[in-house]
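Just so it is clear, none of the values below were taken in a lab; they were calculated from the coordinates. All values derive from a computational prediction rather than experimental measurement. Using ideal geometry, Cβ is built from the backbone for each residue, glycine included, and neighbour counts are taken over all protein chains shown.
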Amino acid sequence: MQDRKDKWTVGAWMTENPHTVEPAASVYSAFYQMRIEGYRHLLVVQDGELWGIVSDRDLRRPDISNEPDGWHDFYQLDGDYEVRDVMTTDVITLKPSDTLEKALDLMTEHKFHALPVLNKNGKLHGIITDFDLMKAFREVLTETGDALRK
């Protein structure tokens, strides 16, 4: 963790050099990459540029079906779909210097569970997740728990 003045910034809690996937990857391969590695989000990158973000839920969602109710495709991985077909492209990003409060506000406002973090040159630097924010909250409770309980 960084020194005290940076402790409550995104950069102190994010995961640097996150796992990525290319837009042309199959949803099947992306899902199993997540499952094997044990994470729920992949940043979609091509030629070093951030194209979007995809979650395990995006890869299993029923609304990619052509059928009205989508039940036949419900949580079925179809090899015909690529990550580009299901990823979120309208991505909100953060900087390492942004506050955890800003990350929390964006995640709750937009109902996101992860946000990409870009460096000052606009290149991918990391990812911050809801789990990272829970770890930060746990540290706050450890440091000030007695004061909060009164």
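With θ taken as phi - 60° and the Karplus curve 6.51 cos²θ - 1.76 cosθ + 1.60 applied, the whole-hertz 3J(HN,Hα) list for the stretch 134-145 is 5, 5, 5, 4, 4, 5, 4, 4, 5, 6, 10, x Hz, x standing for glycine and proline. As a proxy for reagent exposure, ranking ASP105, ASP98 by other Cβ atoms within 10 Å from fewest up yields ASP105, ASP98. In terms of other Cβ atoms within 10 Å, MET107, MET134 run from fewest to most in the order MET134, MET107. With θ taken as phi - 60° and the Karplus curve 6.51 cos²θ - 1.76 cosθ + 1.60 applied, the whole-hertz 3J(HN,Hα) list for the stretch 85-95 is 6, 10, 6, 8, 9, 8, 8, 8, 10, 10, 10 Hz, x standing for glycine and proline.
Per-residue extension of 0.36 nm, minus the Cα-Cα distance of THR93 and HIS113, leaves a gain of 6.0 nm for this segment.
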